[in-house]
Amino acid sequence: MTDMTVFSSPQRTSRATGESDVRIEARQTRDTVGRRACAFVFIENLPHLAEVYGQDFASAASRELHRRLCAHFVVSPSSDLARLRDDCFLVWSNQAFDCSDFDDRAPGEPPRFSERSSGPIEMLLTVAGAEPVCAGNASALLRLHADWIDVCSPEQLGTSEIELMLWTAQPYPDSRELRADGWRQLYQADMDVALRVSEALLADALSFTWQSVAHPGGLASVLYFSGRVRLAAGIGKTTSLVPEVFMPCLRRLGLTRAFDRAVIRQALAALRSRPSIHIGVSISAQSIQLDHWWASLLVILDREPALASRLVVEIVDCAAMSDLETARDFCTQLQLRGCRIAIRDLGGGADNLAAVQVCGPDIVILDATLVRRARDSDFGRNCLRGMLAMCADFAQHVVVNGIEREADADIAERAGARWLQSHDLRGAERQVMSVASAHSNAGSYAEAAP
């Protein structure tokens, strides 16, 4: 098994620099033989699973993905599915994986990203990767990557075609991955936390606590209600998980995508049950990519602009945002559909002002430490005042977070704050719940998933 990431995506660089004889032969085969749309599925973390849990576990993970694909996305394994190696599979359009909209493409033309073309991929990613793999005494989550690929039908798939796909798909090594001493122990500890998060999601145990973003004068003028994720304690667990604990684990594992997708879907559910208020939820900068994971979200926002206009997407960990062009495209597309973009925790010491500027946020939320420092010194109060002035150049609304008592609100107001974020200081939880109660008959969240 080779440590590699497969196939084309905006974030991957191919080693292919020219067209070999093998490539020409394969291209000619594709152009002369009828094709069905085809998707690849790649287990990105299979090498890590092999190193941490052993090769037997990695092999079991590959077999389990094969089983899930056959159970949910394949009618005839011999004609709809190909296993190139342990970490890489091909799935062709069939009755269980309906991609017929793309079968009339010109030769060599891959399906482009769109909400319609991304729907089948989103379904595949969420279903195939939803549950952990369990083998022996170990359990772990698969980190899946999937996309479209232009390839002939499985009955014409020969050795040269397979070699071509694997060669062109091989990326350059990721220079950002550094393995320090003890990384295996950290990986396993992170995975244990991720498994608890997965268990909570499967049990529908995700909910929010609410913080108001309001004028200093009171709750009468509320910009929106910011939802802080809460995961109930699992079976046999005595404590619930908080984002400060589990989000760093998910980021290190590269598993934020499925979680952030679940958070957005829960926010849409909250908006449907609370039709008079605006709601904001946080997602990781690692998830800010306009790709197949967000297909159903874009469909909903297009279909229901009134819903989109009440959603605020808060981006956290902005300092880790490396692909600024991708981030800009993501934010722009959500804003075009009526959503507002917020950048969270600016001024906490690890800021990426270039990323903030590229995202073009409607709202900037200052880090809570600025208020705490302003309690104790003139220097802290001057820092808060300076951050408010600077961020006014980035966004229409600047929010001071971390308001824990009335004195904090006074400090922020004197520094020039127009918006404060506080936990229940002005009755945010009661306000949200009362609105929900008033509209309890407004209908439930009935999105046609994946």
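The values are calculated or read from the model by the stated rules, or taken from the named source; none is laboratory data. Everything quoted here is computed from the prediction, not taken from an experiment. Cβ: placed from backbone, ideal geometry, glycine included. Neighbour counts: every protein chain shown. Side chains included, ligands, DNA and RNA excluded: accessible areas come from the protein's heavy atoms. Shrake-Rupley method; radii C 1.70, N 1.55, O 1.52, S 1.80 Å.
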Quiz item: Considering only residues of the range 297-313 that are in contact with a Gly (Cβ under 7 Å, 6 or more places away or on another chain) and small (Gly, Ala, Ser), which is least open to solvent (accessible area, probe 1.4 Å)?
Solution: Ala308
Quiz item: So which of Gln286, Gln266 is under 30 Å from Ser422 (Cβ atoms), out of contact with any helix residue (DSSP H, G or I) (no Cβ under 9 Å at 6 or more places or on another chain) and not β-branched (Val, Ile, Thr)?
Solution: Gln266
Practice problem: State the number of residues belonging to the range 270-293 that are part of a helix (DSSP H, G or I) and touching a Ser or Thr at 6+ places or on another chain (Cβ under 8 Å). | Solution: 6
Quiz item: If the Cβ limit is 6 Å and pairs must be 6+ apart or interchain, which residue in the range 255-270 that is within 11 Å of Trp294 (Cα to Cα) pairs with which residue that is of a type in the set (Ser, Thr, Tyr) and assigned to a helix (DSSP H, G or I)?
Solution: Arg257/Ser287; Asp260/Ser287
Quiz item: In the range 340-349, how many are touching a Cys at 6+ places or on another chain (Cβ under 9 Å) and not acidic (Asp, Glu)?
Solution: 5
Practice problem: At least 2 residues that are modelled with pLDDT under 95 and over 14 Å from Ser198 (Cβ atoms) in each: list the strands (runs of 3 or more DSSP E) lying fully within the range 122-170 that qualify. | Solution: 144-149
Quiz item: When the range 363-421 is examined, which residues are found to be among the charged types (D, E, K, R) and within 20 Å of Gly280 (Cβ to Cβ)?
Solution: Asp367, Glu404, Arg418
Exercise. Residue by residue through the range 324-381, note down the ones that are touching a Lys or Arg at 6+ places or on another chain (Cβ under 6 Å) and among the acidic types (Asp, Glu).
Key: Asp362
Practice problem: Answer with yes or no whether Arg176 is open to solvent by 30 Å² or more (accessible area, probe 1.4 Å), under 24 Å from Asp291 (Cα atoms) and at pLDDT 90 or above. | Solution: no
Quiz prompt | Number of positions in the range 136-166 that are open to solvent by 30 Å² or more (accessible area, probe 1.4 Å) and among the aliphatic types (A, V, I, L, M) | solution = 3
